[in-house]
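The values are calculated or read from the model by the stated rules, or taken from the named source; none is laboratory data. What you see is a predicted model, and the numbers here were worked out from it, not measured in a lab. Virtual Cβ from ideal backbone geometry, glycine too; neighbours counted across all protein chains shown.
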Amino acid sequence: MEEFSYLHLGEKVDPDKYLICTYRITTDLPMKKAAESLAAEQTTGTWTGISTLERKTFEKYGGRVIGIDGNVVTLAYPVADFSMDVGAVPQILSIIAGNLFGLHSIDKIRLEDAFFPKSIRKEFPGPRFGIAGLRKILKRPEKPLVGTIVKPKIGLSPKDTAKYVYESGKGGLTNSKDDETLVNQKFCPLEDRTVAIAESLDKLKSEGHRMLHAINISTSGHKIIEVAEKAQAWGAKQIMVDVLTAGFAAIQALAEDRSIKVPLHIHRTMHGAMTRDPLHGIAMLPIAKLCRMCGGDAVHVGTLGIGKMEGDPSGDRDNIDSCFDRSVGYKTVMPVCSGGVSPGMVDRIIEAAGSMDVQIQAGGGVAGHPGGVRKGAMGMSQAVDAAFLGIPLDEYAKTHPELKIALELWGYR
Ligand code: CAP
Ligand code: MG
């Protein structure tokens, strides 16, 4: 039986002809052997030589290990390996992030990054609104967006949820959203909640303040368009999807369905199962890139190691930079920093993000303010204003009591 080698170390491949991925590998095997078993499993091979693999098939479809740098392996997958139709994410992921995670020969493996060739990118719409579209809707051309997550995350009635949203808007917030665990429970039916929130947003608008609220419509694939259409008809101005529980196909379906005309907010609940282990799983970077390709307008990317969730500052910064990368040909997507955020962290988050194009959100950091939601929202808005103006928070707090109280309570953690 003919033997094939997947090693092409040092080869320069045409980035338009290959989907190139980097993997961090932990193994007792020599790295070259591990890389070959990875390339074989994900493309033309399996655990043993096979009589059915012919050289011409191997040459056309076999993965190419083009680099090994310490424990990081670069693997180039020929474009011909991928389904070229719209909606190909499941098949793409089966190749670049499939069986490889369970191979015996590799103790741990993490997909660190993925570079999608033009021929695949063009099958995806990218954001319809993106940063510029969101800013236009909100009439907020420069300052970071500042939002909240309605808390408690479950248990509030539609009326109380709508009141929370209204109070947040009066406190100056530009965005609010449902929590990832709220969709259509009996205590807060989707229809009643959406209608009530739309009334709050309309009232705010009539009072001169623009605000968006993302209604979480995450549900089963066969229902998601119908539910989104209904939410829109009930007054939803933005829709939220829990991408990893609903699937990338959910974003694609919504982004590509012409009846859906509102921006998509992408939450990444469950990502920790994939992203948290620095040696195993899938980094947020390829997930963020896919969310953008599929059509997310705002994507959760982490708080740069500052908030309550585990996060690697440089990894989060890479996620943010990928949202702005213009070389991929899509509109830029709004990076959302959320999780344990309070006003005292806002300046550091903006600095670490390296951009004013960021949406900073606080649930507890608004609802936990001793003065209530409106004052909590004021504290967050003031922190964003201070950071935007380049004024130290403690200085700004001298003339902004809501911020002062927040800083006294939560400090600058
Ligand atoms: C934040 C949050 C977010 C997570 C998501 C929550 O609320 O709504 O879902 O932070 O994190 O329920 O915890 P708080 P990420 O502001 O009250 O912490 O964006 O990193 O996936
Ligand atoms: Mg949440």
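For region 291-322, a residue qualifies if it is within 15 Å of ligand 1 (Cβ to nearest atom) and assigned to a helix (DSSP H, G or I), and the qualifying residues are CYS291, PRO313, GLY315, ASP316, ARG317, ASP318, ASN319, ILE320. When each of ALA273, ALA236 is tested for being touching a Ser or Thr at 6+ places or on another chain (Cβ under 9 Å), at pLDDT 95 or above and assigned by TED's automatic domain parsing to the domain that holds GLN359, the lone residue that passes is ALA236. Mind counting the residues in region 312-328 that are crowded, with 16+ Cβ neighbours inside 10 Å and under 18 Å from THR275 (Cα atoms)? The qualifying residues number 10.
What number of residues within region 175-223 satisfy the criterion of being among the acidic types (Asp, Glu) and within 16 Å of ligand 2 (Cβ to nearest atom)? Residues meeting the conditions: 3. Going residue by residue through region 324-340, is there one that turns out to be in a helix (DSSP H, G or I), among the charged types (D, E, K, R), farther than 30 Å from LYS223 by Cα and not assigned by TED's automatic domain parsing to the domain that holds ASP113? For region 324-340, residues in a helix (DSSP H, G or I), among the charged types (D, E, K, R), farther than 30 Å from LYS223 by Cα and not assigned by TED's automatic domain parsing to the domain that holds ASP113: present.
Does region 344-354 include one or more residues that are buried (at least 17 other Cβ atoms within 10 Å of the Cβ), among the charged types (D, E, K, R) and closer than 20 Å to MET211 by Cβ? No, region 344-354 has no match at all.
In the list GLN382, GLN361, which residue meets the criterion of being at pLDDT 95 or above, within 16 Å of ligand 2 (Cβ to nearest atom) and assigned by TED's automatic domain parsing to the domain that holds LEU145?
Just a single option satisfies the conditions, and that option is GLN361.
Residues in region 5-37 that are under 27 Å from the mean Cα position of the chain (by Cα) and either basic (Lys, Arg) or outside any loop (DSSP other than H, G, I, E, B) (or both): LYS17, TYR18, LEU19, ILE20, CYS21, THR22, TYR23, ARG24, ILE25, THR26. The residues on offer are SER176, SER157, SER200, and the sole one that is on the phi < 0 side of the Ramachandran plot, in the same structural domain as GLU229 (by TED's automatic domain parsing), small (Gly, Ala, Ser) and within 16 Å of ligand 1 (Cβ to nearest atom) is SER176. Scanning region 328-354 for residues that are over 17 Å from the mean Cα position of the chain (by Cα) and more than 16 Å from ligand 2 (Cβ to nearest atom) returns GLY329, PRO343, GLY344, MET345, VAL346, ASP347, ARG348, ILE350, GLU351, ALA352, GLY354. Could you please find all residues in region 212-240 being out of contact with any Lys or Arg (no Cβ under 8 Å at 6 or more places or on another chain) and either within 10 Å of GLY169 (Cα to Cα) or assigned to a helix (DSSP H, G or I) (or both)? Hits for region 212-240 are ILE224, ILE225, GLU226, VAL227, ALA228, GLU229, LYS230, ALA231, ALA233, TRP234. Scanning region 136-162 for residues that are away from ligand 2 (no atom under 16 Å from the Cβ), free of Cβ contacts under 8 Å to residues at least 40 places away in the same chain and surrounded by fewer than 24 Cβ atoms within 10 Å (Cβ to Cβ) yields LYS136, PRO141, SER157, PRO158, LYS159, ASP160. Given the structure, is PRO144 within 24 Å of the chain's Cα centre (by Cα) and at pLDDT below 95? Considered against the rule, which asks whether it is within 24 Å of the chain's Cα centre (by Cα) and at pLDDT below 95, PRO144 comes out as no. Could you list all residues from region 75-90 that are surrounded by 15 or more Cβ atoms within 10 Å (Cβ to Cβ), of a type outside the set (Gly, Ala, Ser) and not in a strand (DSSP E or B)? Those that are surrounded by 15 or more Cβ atoms within 10 Å (Cβ to Cβ), of a type outside the set (Gly, Ala, Ser) and not in a strand (DSSP E or B): VAL79, ASP81, PHE82, VAL89. Remark: pairs (first residue in region 30-45, in the same structural domain as THR57 (by TED's automatic domain parsing); second residue of a type in the set (Lys, Arg); Cβ separation under 8 Å; 6+ apart in sequence or on different chains) = ALA39/ARG64.
Please count how many residues of region 153-207 are outside any helix (DSSP H, G or I) and not charged (D, E, K, R). Walk me through it before giving the result.
Restricting attention to region 153-207, the residues satisfying the condition of being outside any helix (DSSP H, G or I) are 153-157, 171-189, 207.
Going one step further and asking which of them are not charged (D, E, K, R), we end up with 154-157, 171-176, 181-185, 187-189.
Number satisfying all stated conditions: 18.
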